[in-house]
Amino acid sequence: MSSPLILGIESTCDETAAGVVRGKELLSSVVASSMDMHARYGGVIPEIASRAHAEAFVPVVTKALEEAQVDLSDIDAIAVSAGPGLAGCLAVGVSGAKALAYAANKPLYGVNHVIGHIAVTQLQFGAFPENTLALIVSGGHTSLLRVMNIATDVQVIGTTLDDAAGECFDKIARLLGFPYPGGPIVDQHAQHGDPHALRVPQALTTGRSAQNHPYDFSFSGVKTAVARWVERRQEQGKSIPVDDVCASLASSVANVLSNKAIAACTQFDAHTLIVGGGFSANSQLRQALLTKGQQHGLDIRVPRISLCTDNGAMIAMLGSNLVEAGVKPSALDFSIDSSMPMDKIVM
Ligand code: KG4
Ligand code: ZN
């Protein structure tokens, strides 16, 4: 069989997205975001996001097919994010994908969004070497995974015990008065600040907790420590050195993430580290990983920003891997799974 032509559809949160890939070649990626509608509420409102998905679904899919210069009838299979994500949002994308698959008589794969963040790196860097680790950092997830086979076997070796890194940044950003999502704004301020201005805890990195949780993360203590520090200054009527707060937060989080990921590579004898998820756009993390990766002789694969944030091409790429591996499509009555486990690749 020649390389499969796959349409991927994504609607887990506030992006309605569709993309087309042939094998590991990107043909199109179209993203419509409802972010502006949520900004004034300080977070994504699921009901508003779901409605936006319903409105954007047909135009986005149509444009993705047009830009790829293919017709729905040319497509070999459709892949759609089945979870994890917001239930109402997932329901819109999955229902739409089922309707398309049924009408055009195409196989349909309900896939794991998080694994899509790993799969997408193949569009930029090519196939995975045998022993690959992945660090996935997004608004909702912070995890370390072993990629044995992207289509059939992904194992979780560590995950966050509480807040995800992106969530922690967004909450501090809110406290500093930045609009949602604040992560990228914290990143910009951090570039001008002193990373040693505040002492930010690095949870699960020393002592017994590190032994018990070598590859797990915890960011709620980081959030609380920074928030307390800011609140105390406010109570004292002192100004807030915003750049320093951001730099200290960013440096602590980037250190913990990069140190644990590199240590895992050493322990599991992996020479390639895939980095994915919206937070992998973070400059402090990218820099820390690239520097430490070089010191350890690792191949660090951080995709370009447009592939880091949620998109349909990542779902199409995972679909392409599933088809090439001969994995059976999902039954047409598969359900969404808003808390889909990380090691479940397809419904
Ligand atoms: O993967 P993603 O697009 O959506 C989820 O599946 O969660 O990740 C979005 C998260 C948000 O928390 C956002 O603030 C964060 O990624 N983010 C960043 C940066 N760009 C996006 N956080 C820090 N620095 C950035 N440059
Ligand atoms: Zn995501």
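Annotations for the structure displayed:
- Radius of gyration, Dmax [the chain; alpha carbons; angstrom]: 20.1, 69
- Qualifying lysines (Cα of each under 26 Å from Cα of Lys238; at least 8 residues distant if same chain): Lys171, Lys223
- For Thr160, the amide hydrogen comes within under 5 Å of the amide hydrogens of Thr142, Phe217, counting only partners 5 or more places away or on other chains and with H modelled in the peptide plane.
- Share antiparallel - DSSP beta bridges, segment 129-307, percent rounded to 5: 55 percent
- Whole-number Å³ per residue for the convex hull built on Cα positions in segment 129-307: 116 Å³
- Contact order relative to length of segment 129-307, as percent, for alpha carbon pairs under 8 angstrom and 6 or more apart: 27 percent
- Remark on Ala77: its backbone amide H falls under 5 Å from those of Leu5, Leu7, a criterion applied only to residues 5 or more positions apart or on other chains, H modelled at 1.01 Å from N.
- Helix 46-68 axis, angle to the chain major axis (alpha carbon atoms, nearest 10°): 60 degrees
- Under 5 Å, built H, 5+ apart or other chain: amide partners of Asn131: His271
- Estimated FRET transfer efficiency when R0 is 30 angstrom, pair Glu25-Ala325 (beta carbons, to 0.05): 0.95
- Here the 3J(HN,Hα) profile of segment 24-38, calculated from phi with Karplus coefficients 6.51, -1.76 and 1.60 at θ = phi - 60°, is 10, 9, 7, 9, 6, 8, 10, 10, 10, 10, 9, 3, 4, 6, 9 Hz, Gly and Pro shown as x.
- Convex hull volume of the Cα atoms of segment 174-275, normalised per residue: 116 Å³.
- Of all DSSP beta bridges in the chain, antiparallel share, percent nearest 5: 60 percent
- Taking a straight line from the alpha carbon of Lys63, these aspartates and glutamates sit under 12 Å away, with near neighbours fewer than eight places off in the same chain left out: Asp71.
- Considering only Gly23, Gly83, Gly237, the Gaussian network model of the chain with Cα springs below 10 Å gives its largest mean-square fluctuation to Gly237.
- Length added when fully stretched, Val156-Ser73, from 0.36 nm per residue minus Cα-Cα: 26.2 nm
- Modelled FRET efficiency - R0 41 Å, Ala99 with Ser209, Cβ distances, 0.05 increments: 0.25
- Structure-based [θ]222 nm, the chain - -39500 (n - 2.57) summed over DSSP H runs of at least 4, per residue, nearest 500: -13500 deg cm²/dmol
- Acute angle (nearest 10 degrees) that the helix 283-295 long axis makes with the longest principal axis of the chain, alpha-carbon atoms: 90 degrees
- Solvent exposure of the chain, expressed per residue, is 41 Å² of accessible area, with all protein chains present and a 1.4 angstrom probe.
- Counting only lysines at least 8 places from Lys344 when in the same chain, those with an alpha carbon closer than 22 Å to its own are Lys24, Lys98, Lys328.
- Angle in degrees between helix 220-235 and the longest Cα principal axis of the chain, rounded to the nearest 10: 50 degrees
The values are calculated or read from the model by the stated rules, or taken from the named source; none is laboratory data. What you see is a predicted model, and the numbers here were worked out from it, not measured in a lab. Cβ coordinates were reconstructed from backbone atoms using ideal geometry, including for glycine residues, and neighbour counts include every protein chain displayed. Just the protein is used for accessible areas: all its heavy atoms, side chains included, with ligands, DNA and RNA removed. Shrake-Rupley method; radii C 1.70, N 1.55, O 1.52, S 1.80 Å.
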